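First up is the structure itself, then whatever we jot down about it.
FYI, it's all coordinate maths here, none of it is from the lab. Quick caveat: nothing in here was measured; it's all calculated off a predicted structure. Cβ placement follows ideal geometry from the backbone for every residue including glycine, while neighbour counts extend to all protein chains displayed.
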Amino acid sequence: MKKVQIFNNSNFFKSIVLLIADVFLIQLASLLSIAIRFDFHWIQIPEYFLDGITAYALINTICTILLFWCFRLYHSVWHYASSIELMYILGAAGFSAGIQAFGMFLLKLSIPRSYHIFYFAFLTFFVFCTRFFYRIQQVFLHQQKKLGRKSVENVMIVGAGEATDILLREFQNSRFLTQNIVCLVDDNPHKKGRSM
């Protein structure tokens, strides 16, 4: 499906806020990655490891922000984020960790090998939280609104194809639809017992 570009001041502001948050979270991911390697005993962390992280911090931040831009992590409408955006996050974090490992090797900066694995995990988690926070919040508020109603209308949907997937997302994300979808029925026997 072709991506549609949407430009307005609100989206630009949100992208700037995300970029600033990413700069902070990249540094936090680096610090936590070396800290967890030494069970958060800061005194036990060799000074040359911290010096290596500090020396590479600016390069790592610039490269990671550029990767995030290339993987469109500042372009998507995160209210409708799906598995595609999750793959973008994994790809961007993976490339960031890989480039960082290669760059530190070239510059002969000492760092434990496990650091890069922890860095990838923390960066992925932080970026996922910042991008999907709004959607998770909307889903939670939608569920609370449904629970707060005295009478909720239960709905059965006939069909479990692509159109149903779009319909389910609309029910999940819309602030106006409060019906409770209880089941899907389809004439395809291979879909029996499965969920969407």
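If you stretched the chain out fully between residue 188 and residue 17, how much longer would it get, using 0.36 nm times the residue separation minus the C-alpha to C-alpha distance?
Length gained between residue 188 and residue 17: 57.0 nm.
Full-extension gain between residue 84 and residue 38, please, as 0.36 nm times their residue separation minus the C-alpha to C-alpha distance.
Working: separation 46, 0.36 × 46 = 16.56 nm, distance 3.47 nm.
Stretched out fully, the residue 84 to residue 38 stretch lengthens by 13.1 nm.
Rank-order 83-91, 119-127 by packing density, defined as the average count of other C-beta atoms within 10 Å over each peptide's residues, highest first.
The peptides rank, most packed first, as 119-127, 83-91.
Compute the projected area of the convex hull of the Cα atoms of the stretch 32-122, averaged over all viewing directions, and report it in nm² to one decimal place.
Here the figure is 6.3 nm², rounded to one decimal.
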